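The values are calculated or read from the model by the stated rules, or taken from the named source; none is laboratory data. Values in this document were obtained by computation on a predicted structure and should not be read as measured data. Neighbour counts are summed over all protein chains in view; Cβ atoms, including those assigned to glycine, are modelled from backbone coordinates with ideal geometry. For the accessible areas, the whole protein counts, side chains as well, though only heavy atoms, and no ligand, DNA or RNA atoms are used. Shrake-Rupley method; radii C 1.70, N 1.55, O 1.52, S 1.80 Å.
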Amino acid sequence: MKNKEDQLEILAIGLDSFSIEAIKKSLKENKLKYHISFLQDVADLTGFSKRNAAQAVFFYSNRQSQKTVDDIRRIHQLIPRAAITLLSPRAEQTGIIGAFRAGLFDFLTLPIDQHEMRTVIYRLKLHGAIQSGQWNPERAVLHLFSRPESFTAIRDVAAGLDQYMGLFFEVEKEIQFSSNLKILTSLQQKLKLTEHQLKRIKRFLSDDTGLIFGLRFVQDRFYFLVKRGNGQLSYLVARNTSEYDIKDILSDYLSNVLKTSLSILAESRKREAMRMLSLTDEVTGLFNQRKLIEDLELYIARYQHDKLGFSLLFVDIDYFKNVNDQFGHVVGSQLLIDMAGILRGQLRSSDLVYRYGGDEFIVLLPRTSVEETKKIALRVSEAVKNAEFTVDNDKKYRLSLSIGVAEFPTDATSAKSIIDFADKMMYMSKKSGRGKVFHVTEVVA
């Protein structure tokens, strides 16, 4: 994706230094010359004189799905030929699909994985090759869909299919159907299909890996069946807007690629499941210490861009050793599971809970002031004090917590230092009396 000076023009909107360095690293690995311009927000695009030169846009958003989609649509309107890649810690499937339909080219979850970043750069090169005429769409489609390892599920291919089809076709007509029977009846009436054609269509409809099927090609008009997910199908009439005759490439070849990629997709899902296991505590099902460090490093790095702080609760169960000594570790493990349930129940959906080790838990509270954090800590503490835990032969047992509170930004500049500070606050809480919430020199009963 290069201009006359053999240089890729990139526009970065809202990106932090960590993300910029990851992009630069991948560009250098691909031996691409580049120039990057920076904007803080999509609203700044209106007055940006060099926007029409941008060939690729890397856009950060942590906003609600609809706001993100609106921003992508705005970027697409102002820079229609640029490939837009969204970077976000959110991975909501509905929002991602909506973003693709609004003109998104690719999506990256944060923190950036270098393998995924390399795949994005690879696709940008293809996008540029198509637009410059170096590659015909036929060759590009082969390459775009012959790398199924870059997708984590069939639905990800489906979500991106509309975007890639937009390179070759202008949809003139779309009729949606909710069942295979309805679409078969309608097609038979419209196209007067032969038995052989009906058999092929039925095979496509029952094939979980097939996404798009070419019905007929008449001059520059293409007639497709497309699976939209959740049992929804579309009958499309599209006009070929490119100069190339691509015919069955989007049906037969794509179907074959997806069939042969099933094992790769299964391996990808298996790798992701194994990764999540490595970040999960096996007793409580909460995130573990390794995931805590990853998340803290991300939030600390993000602060340079969005200036949004966060707080930590360092939670310790008082006298938990007595439980293990008196009732055994099986009962102790069950109490830890019950404690995890209480923590989840008292926190917001945006809050993250980790088992730090033994009877210690850490809660990460994004965008939360110290005063709000102490209120949350007190609510958690009271919930535990009021709870009855079942131990030996239905005997009821009560627990209390000592909680330390820390905030960022402070003098702590790393994940380890802020955890250590919260730990220190928790220790001071214990010294001042079990069942307390402690922050700096102030004890809150």
Taking only protein heavy atoms and a 1.4 Å probe, the highest-to-lowest accessible-area order of MET274, MET425 is MET274, MET425
For the range 363-369, Karplus-derived ³J(HN,Hα) couplings (6.51, -1.76, 1.60; θ = phi - 60°; whole Hz; x for glycine and proline) come out as 10, 9, 10, x, 6, 10, 6
Most packed first (mean Cβ within 10 Å per residue), the peptides 351-359, 111-119 order as 351-359, 111-119
So for R0 = 22 Å, FRET eff. of ARG221-SER179 from the Cβ-Cβ r, to 0.05, ends up at 0.30
Per-residue accessible area, 1.4 Å probe, largest first, puts HIS76, HIS305 in the order HIS76, HIS305
Computed ³J(HN,Hα) along the range 279-287: with the Karplus parameters 6.51/-1.76/1.60, θ = phi - 60°, integer Hz and x for glycine or proline, the list is 9, 10, 6, 6, 7, 9, x, 6, 5
Links exceeding 24 Å between C-alpha atoms in this model, out of LYS28/LYS67; LYS374/LYS430; LYS375/LYS396; LYS50/LYS307; LYS24/LYS50, come to LYS28/LYS67; LYS375/LYS396; LYS50/LYS307
Given backbone amide H placed at 1.01 Å from N, residues whose amide H is under 5 Å from that of LEU108, ignoring those fewer than 5 places away on the same chain, are LEU86, LEU87, SER88
Here the range 8-25 yields Karplus 3J(HN,Hα) values (6.51, -1.76, 1.60; θ = phi - 60°; whole Hz; Gly and Pro given as x) of 7, 8, 10, 10, 9, 10, x, 7, 8, 5, 4, 5, 4, 5, 5, 5, 4, 4
